[in-house]
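Read through the structure below, which is laid out as C-alpha cells, and then see the notes.
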C-alpha cells in the first residue's frame, strides 16, 4: 500500500464556464483535494464516483449523454486526476408553452416577466434547467409581490426525451384575484400622525405591492426620525381580499459624527457634524457641520421643515461661512439661504435666494461685496428616488445670478451643467462617462466675484493637472507695487472624461482613462488633455482611488491623484 498522500490535483478538459464550475463542485475528488490522509483505497472509491458525478453535473445544462474518460496516478505524495469530457449532443427545447391566466393576466408586472421569458427561453435553445427554474420563479415571485396571494401553477413540467434530444416545457400560472392594501395600524409617537401618513407610498384600498411596502420602509428609515422601523404585512383576508399592514417605529436621538479622508485636491480633510433629525413632532430637522482641509474651511448649519411629500420636499434655511483658495485668489464667503426643494416625477428642483457677503484677496487688492443671488438647480433623480444622498448625477444644472439692484457690483448669470453615466459593458467591464460645461455672463466681468468663475484641473476634473490650475491669467498688482500673472478664473468651462474599469477580485478594480477640458475666456482657446491609469479599492466603509495621469497637451510630469473617503 502506498503511504498517505498529501493531496489531490484535478484537471478537467472538454467543458468551460458554468458547466466546468458545476462539475468541479460535484466532484468528490475535488472536495477531498486538501486532505492529507487520502490513501490508495480511498482514492479508488473517490475515482469510481467520477463518471456519475460528471453526468449529474452536466444534466442541468442539457447534456444528458456525456462521455467521461478519467485516470489517476500517484506522483510523490500527491494524487493527480485527469478527466476528459465530451458533452455530446445537447437536449434542445422542442415545445414551449408559458402562459399567465386569470384576473391578473393583463397586469403589466406579468407582461414584463413574459418579455423577459422571451429573452431567456426559446424553442431551439439548449435546455438549461436553471433558466427554466428562473422563469418559473419570476412568475411566482411576481404574483406574490403584487398581491396575487392565491396564485398557483396549473402546469409546471419539463419532459425530456433523451433519445430524441428534445424537451417539452409547460408553465401555466393562474393569478387568482388580486389583494388590496387593508387597514394600516401605526404605532409611533415621534411625529404627528398626519405627517406620518404622508410618508406612506400607498393608501388603504390600493392594489397590494411589496415594492411600495419596501419604499415606505426606506422612506421612514431615511427620514432619520426613527431609530428603528418595522413595516410588516399581516395575514391576507380572503373574504375582503385585503392585506393589513402594521408599522412600528421608535424615536431617534440626536447624533454626533466625525469623519476624515485625504484627497490630492484637498490634502487631509475632516468633518464634524451634529444632527437633530427630529427637533419637534412637526418633523423639523437641524444639522450643524464643520469641514476643514488644507485649502478650504467651512461651517454649515441647516434647518429643514418638511412640506408636501416629506421624504422628498422641504423648506430650508441654511447658514454658511466658507474660506476657499481658488488658484491664486482667496475667498471668504458668508451666506444665509432660504430654499424650497420640490420633486416632480424624476426631476428635483431647488429654488433659493442667497444673501451673500464676499471678501476676496487678489494680490494687493481686496474687495468686499454684499448681494442677493437668486438661483435654481435641476437634477434628474433615479426611479423611485426617496431623497437619499446621490454620489453621482446623470444630469444636474445650476443657474444663479444677480443684478445691481440686488447689490451686485455687476449684473451676471452663471450656468453650470454636469452629467455622469456608468455603462456596464459586461459583468466585469464598465465604462464611466463624465462631462461638465459652464458659462458665466457678466456686464463687467472684471467685477464678477471669483467664486462665480470657472476653474479646471484636479481629481474630479482634468487629472494630470493640479487642482484649479487650469484658468485664464490676469496681471495683478502685488503689495510691493510689482505685477504678477495670476489665475483668476474663466468665463467658460468644458470638461469631459472617459474611463474604462475592469473589476478584479477582493473588491479591487483597475482603470484607464482620458480627460480633456479647460477653463477659458475665449471659445477659441485650446483644451488640455491627459491620460492615465488607476487602481480602485471599494469596501462598505471606505473608498480608495489612486490615479496616475500624464498631461498630453502640454509639458508636465506624471501626477498622482489620491482620494481616500471613509463613510462613517
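Compute the Kirkwood hydrodynamic radius of the chain, taking the inverse of the mean of 1/r over all pairs of distinct Cα atoms, and give it in Å to one decimal.
For the chain, the Kirkwood estimate is 29.7 Å.
Looking at region 204-323, what % of its DSSP beta bridges pair antiparallel, to the nearest 5?
Roughly 100 percent of the DSSP beta bridges within region 204-323 come out antiparallel.
Could you tell me the calculated FRET efficiency between residue 502 and residue 564, based on Cβ-Cβ distance and R0 = 25 angstrom, to the nearest 0.05?
The calculated FRET efficiency here is 0.70.
On a 0 to 90 degree scale, rounded to 10, what angle separates helix 108-120 from the longest Cα axis of the chain?
60
Distances over 17 Å make up what percent of all Cα-Cα pairs in region 92-174?
In whole percent, the share of Cα-Cα pairs in region 92-174 beyond 17 Å is 43.
How large is the Rg to Rh ratio of region 7-86 when both quantities use alpha carbon positions and Rh follows Kirkwood?
Taking Rg over the Kirkwood Rh, I get 0.97.
Show log10 I(q)/I(0) for region 264-306 at q = 0.17, 0.19, 0.22 Å⁻¹, two decimals, from a solvent-free Debye sum over equal Cα scatterers.
Summing over Cα pairs of region 264-306 leads to -0.54, -0.61, -0.70.
If you take the C-alpha gyration tensor of region 274-343, multiply each eigenvalue by 5 and take the square root, what semi-axes do you get, largest first, in whole Å?
29, 13, 9
Semi-axes of the equivalent ellipsoid of region 203-281: what are they in whole Å, largest first, if each equals the square root of 5 times a C-alpha gyration tensor eigenvalue?
Its equivalent ellipsoid spans semi-axes of 40, 16, 9 Å.
Roughly speaking, what is the centre-to-centre gap between region 9-42 and region 268-296 when only Cα atoms are used, to the nearest Å?
About 56 Å separates the Cα centre of region 9-42 from the one of region 268-296.
So how tilted is helix 17-26 from the main axis of the chain? Cα-based, degrees 0 to 90, rounded to 10.
60
One-quarter of the Cα convex hull surface for region 438-523, in nm²?
7.9
Is it possible to state the helix-based mean residue ellipticity at 222 nm for the chain, with each DSSP H run of 4+ residues giving -39500 (n - 2.57), the sum divided by total residues, to the nearest 500 deg cm²/dmol? What is it?
-4000 deg cm²/dmol
Most exposed first by the Cβ proxy, i.e. fewest other Cβ within 10 Å, how do 452, 208 rank?
Starting with the residue having the fewest Cβ neighbours, the order is 452, 208.
For the pair residue 353 and residue 466, how long in nm is the line joining their label points, each one 7 Å along Cα→Cβ?
Taking the two extended label points, one gets 4.2 nm.
Given an 8 Å cut-off on Cα distances and at least 6 residues of separation, report the relative contact order of region 255-566 as a percent.
Across region 255-566, relative contact order equals 12 percent.
May I ask for the angle, rounded to the nearest 10°, between helix 210-222 and the longest principal axis of the chain, with both axes built from Cα atoms and the value confined to 0 to 90°?
For helix 210-222, the angle is close to 40 degrees.
Regarding region 234-388, what's the average projected area of the Cα-atom convex hull, expressed in nm²?
13.5
Kirkwood Rh over alpha-carbon pairs of region 361-432, then Stokes-Einstein at 20 °C and 1.002 mPa s: what D in µm² s⁻¹, rounded to an integer?
135
Rounded, prolate or oblate, given the Cα gyration tensor of region 419-487, with a/c below 1.5 counting as rounded?
Oblate.
Report, to one decimal in Å, the Kirkwood hydrodynamic radius for region 255-566 based on all distinct Cα pairs.
Kirkwood radius, region 255-566: 21.3 Å.
Arrange the following residues from fewest to most other Cβ atoms within 10 Å of their Cβ: 161, 424, 51.
Final ranking by Cβ density, sparse to dense: 424, 161, 51.
Could you line up 190, 404 from fewest to most neighbouring Cβ atoms inside 10 Å?
Taking fewest neighbouring Cβ atoms as first place, the list is 404, 190.
Residue separation times 0.36 nm, minus the C-alpha to C-alpha distance between residue 97 and residue 424: what's the value?
114.5 nm
Can you tell me the Rg and the Dmax, both Å, for the Cα atoms in region 1-155?
21.8, 71
Taking 0.36 nm per residue of separation and subtracting the Cα-Cα distance, what length does fully extending residue 16 through residue 342 add?
112.1 nm
Provide, as a two-decimal number, the C-alpha radius of gyration of region 152-283 over 2.2 N^0.38 Å, N being how many residues it has.
Output field value: 1.72.
Throughout, read-outs are computed from the coordinates displayed, never taken from laboratory work. Bear in mind that the values here come from a model prediction, so they are computed numbers and not experimental data. Note: ideal-geometry Cβ built from the backbone for every residue, glycine included; neighbour counts use all protein chains shown.
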